[in-house]
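What follows is one structure encoded as structure tokens, with my remarks underneath.
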């Protein structure tokens with residue numbers, strides 16, 4: 001039989017794109033979308049980091065003109081999520097062959113890859129510190145932890161403020177003595193998705209902590225090593241005020257991924273915060289940024305804003321050390337009023353937004369009733385303070401991703 005020009009040839013598709021060619025085109029479009037996000041520097045305004053540069057965009061896929069973008073970063077702030085999604089959509093819609101864009105968020109924390117035997121499954125150890133007491137450091141630490149956990153991240157809170165532990169009161173964990181495993185490891189108590197360990201779980205209710213440096217060092221190591229933390233994306237460590245033994249123990253024994261400095265606007269607090277910031281820098285600990293607490297008070301009667309503690313302190317500190325202000329937390333009045341004991345058995349007390357319900361008198365029976373309000377970061381009535389706490393938590397997560405990427409790059413060079 002003679003050959004004919006009509007004989008089919010292998011690989012011929014009469015002008016119809018092959019599956020491999022179609023997949024290649026989709027990959028090219030996805031790569032162009034990623035480049036568009038990078039060119040637009042998405043994230044630099046909202047999170048102070050470039051989403052692409054910190055591996056904050058995990059996957060981009062394109063099918064039938066629809067681009068699906070997944071942001072792999074815990075972003076507790078609804079405001080920042082909306083702005084980030086809008087920036088991504090605007091950037092990707094400029095790409096050829098993209099007709100619409102879907103944006104999804106996944107709470108995936110970057111892992112620097114630096115682990116120690118005492119914390120084998122903890123990705124990021126985060127120090128929360130202040131130079132001066134009374135600036136709301138413990139409140140900020142607890143609310144950062146709650147906000148990150150609310151996104152689905154695995155979060156622990158270590159109350160290492162051995163001289164004034166407050167985490168149990170902040171999270172409503174009044175019952176003492178945590179459970180233990182068969183290996184004699186303590187099991188953290190959990191509230192609002194946060195695994196919590198505190199000095200207050202171990203000491204007596206009114207026992208003062210009067211310890212010298214070596215005891216503090218050993219106890220800090222015990223709180224890390226003798227606790228069954230499990231797998232954590234973030235372990236938030238609430239340090240005592242100042243720059244003492246607990247700080248040295250932390251940075252000398254553990255890979256601290258970053259530190260958050262808490263201050264109020266007034267000069268004396270900022271000066272002490274600067275000393276804490278220098279202390280971390282001397283031990284090569286990245287300072288993620290500054291949280292300015294008690295930043296203004298809005299009068300509930302006249303709605304005018306009063307800068308009770310002054311203004312500009314955190315900005316001056318940030319400029320001096322070239323770090324960002326992660327959030328400004330307003331000073332809020334207590335919600336509610338003192339109320340009498342009633343038929344429900346609720347003890348007298350007052351609801352404080354950043355703390356919860358403070359009950360008076362503080363008897364053991366009353367402490368176990370669990371009537372405290374939740375931390376403000378997860379309350380629907382939190383207003384501007386709630387959102388500022390969640391914005392700060394979002395920026396902490398982003399800056400930790402940046403620190404992890406930098407650390408891995410330094411290790412590979």
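Please pick out the residue among 284, 271, 301 that is part of a helix (DSSP H, G or I) and assigned by TED's automatic domain parsing to the domain that holds residue 400.
On the way: 284 fails: part of a helix (DSSP H, G or I); 301 fails: part of a helix (DSSP H, G or I).
Selected residue: 271, the only one of 284, 271, 301 that is part of a helix (DSSP H, G or I) and assigned by TED's automatic domain parsing to the domain that holds residue 400.
Suppose we filter 147, 153 for residues that are within 10 Å of residue 194 (Cα to Cα), modelled with pLDDT of 90 or more, assigned to a loop (DSSP other than H, G, I, E, B) and within 19 Å of the chain's Cα centre (by Cα); which single one remains? Even if it seems obvious, please write down each step before you answer.
On the way: 147 fails: assigned to a loop (DSSP other than H, G, I, E, B).
Checking each option against the conditions leaves just 153.
For the stretch 384-403, give me each residue that is touching a strand residue (DSSP E or B) at 6+ places or on another chain (Cβ under 8 Å) and more than 16 Å from residue 236 (Cβ to Cβ).
Of everything in the stretch 384-403, those that are touching a strand residue (DSSP E or B) at 6+ places or on another chain (Cβ under 8 Å) and more than 16 Å from residue 236 (Cβ to Cβ) turn out to be 384, 385, 388, 391.
Within the stretch 306-314, does at least one residue satisfy the condition of being assigned by TED's automatic domain parsing to the domain that holds residue 169, at pLDDT 75 or above and within 22 Å of the chain's Cα centre (by Cα)?
For the stretch 306-314, residues assigned by TED's automatic domain parsing to the domain that holds residue 169, at pLDDT 75 or above and within 22 Å of the chain's Cα centre (by Cα): present.
Could you list, in sequence order, the residues of the stretch 139-171 that are crowded, with 24+ Cβ neighbours inside 10 Å and free of Cβ contacts under 8 Å to residues at least 60 places away in the same chain?
149
May I ask you to verify whether residue 335 is closer than 30 Å to residue 74 by Cβ, touching a strand residue (DSSP E or B) at 6+ places or on another chain (Cβ under 6 Å) and either modelled with pLDDT under 85 or surrounded by fewer than 18 Cβ atoms within 10 Å (Cβ to Cβ) (or both)?
Numbers: closer than 30 Å to residue 74 by Cβ: yes; touching a strand residue (DSSP E or B) at 6+ places or on another chain (Cβ under 6 Å): yes; either modelled with pLDDT under 85 or surrounded by fewer than 18 Cβ atoms within 10 Å (Cβ to Cβ) (or both): yes.
In short, yes.
Could we say that residue 164 is touching a helix residue (DSSP H, G or I) at 6+ places or on another chain (Cβ under 9 Å) and assigned to a strand (DSSP E or B) here? It would help to see each step written out before you state the result.
Working: touching a helix residue (DSSP H, G or I) at 6+ places or on another chain (Cβ under 9 Å): yes; assigned to a strand (DSSP E or B): no.
Spelling it out, it is not the case that residue 164 is touching a helix residue (DSSP H, G or I) at 6+ places or on another chain (Cβ under 9 Å) and assigned to a strand (DSSP E or B).
Being crowded, with 24+ Cβ neighbours inside 10 Å and within 29 Å of residue 45 (Cα to Cα), is that true of even one residue in the stretch 248-256?
Pass one, the stretch 248-256, residues crowded, with 24+ Cβ neighbours inside 10 Å: 250.
Checking which are within 29 Å of residue 45 (Cα to Cα) leaves us with none.
Checked against the condition, which is being crowded, with 24+ Cβ neighbours inside 10 Å and within 29 Å of residue 45 (Cα to Cα), the stretch 248-256 yields no hits at all.
The values are calculated or read from the model by the stated rules, or taken from the named source; none is laboratory data. Because the structure is predicted, anything quoted here is derived from the model rather than measured. Every residue, glycine as well, gets a Cβ built from its backbone with ideal geometry; the counts of neighbours run over all protein chains shown.
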